[in-house]
Amino acid sequence: AIGGVLLARLAGVAGYAAGPGVAAAAPLGRGEAAYLTAAVLLTGLLSMVYEVVWTRLLALVMGPSTYAFATVLSVFLLGLGIGGLVAARLPSERPARTTAIVLTLLAVAAWPLLPAFETLPRLVIGLRMIPGVGFTHVLGLEIGLAAAVMLAPAALFGISLPGALGAAARAARA
């Protein structure tokens, strides 16, 4: 959310050129460049914090194993890749504003998902109690639950970083 506010403030200050025939971006002052730098750093930092937190929370469901870590890493990287594909297709006229919107969506989307981690252990324990359900069934459910909880926020991170870097590149060229 902080990154979204920083970039929203920046987006309101500097207009970005959309292409030939459109006015060039106004050069950034020290304050605006500091906001942009902080937003880029916070985006990267928060994505790593989310990944560590998800690893710890999923370890409560799956147990502290390599399966938990590998699941979080795989789903997170898949989400980043999906987000990068989406970012490549978004209009690039105003990358700072797009990134601000995405980071705000990320903050709004992440909080309601936290209670899901409270119910995940019950689902997994309930599945393990069913006779005939093997390790692969339980692991598949755990991976599916992890993807349901993590994929959307990870994809939003995958959208936000290219947008923030695009805004930085435009600011550097101005």
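The values are calculated or read from the model by the stated rules, or taken from the named source; none is laboratory data. From a predicted model like this one, the values you see are computed outputs, not experimental measurements. Here Cβ is always computed from backbone atoms with ideal geometry, including for glycine, and neighbour counts include all displayed protein chains. We work out accessible area using only protein heavy atoms, side chains counted, and drop any ligands, DNA or RNA first. Shrake-Rupley method; radii C 1.70, N 1.55, O 1.52, S 1.80 Å.
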Checked the stretch 45-76 for anything open to solvent by 70 Å² or more (accessible area, probe 1.4 Å), closer than 19 Å to Leu120 by Cα and part of a helix (DSSP H, G or I); matches are Val52, Arg56, Leu60, Thr66, Tyr67, Phe69, Ser74
task = Report whether or not Ile159 is over 15 Å from the mean Cα position of the chain (by Cα) and open to solvent by 20 Å² or more (accessible area, probe 1.4 Å).
result = no
Over the stretch 35-44, the set of residues farther than 14 Å from Leu80 by Cα and open to solvent by 20 Å² or more (accessible area, probe 1.4 Å) is Tyr35, Thr37, Ala38, Val40, Leu41, Leu42
Pairs returned, first residue in the stretch 138-163 that is in contact (Cβ under 8 Å) with a residue 24 or more places away in the chain and more than 17 Å from Thr104 (Cβ to Cβ), second residue that is among the aromatic types (Phe, Trp, Tyr) and open to solvent by 30 Å² or more (accessible area, probe 1.4 Å), beta-carbon separation under 8 angstrom, 6 or more apart or interchain, are Leu139/Tyr67; Glu142/Tyr67
In the stretch 117-146, residues that are of a type in the set (A, V, I, L, M, F, W, C) and in contact with a Leu (Cβ under 8 Å, 6 or more places away or on another chain) total 10
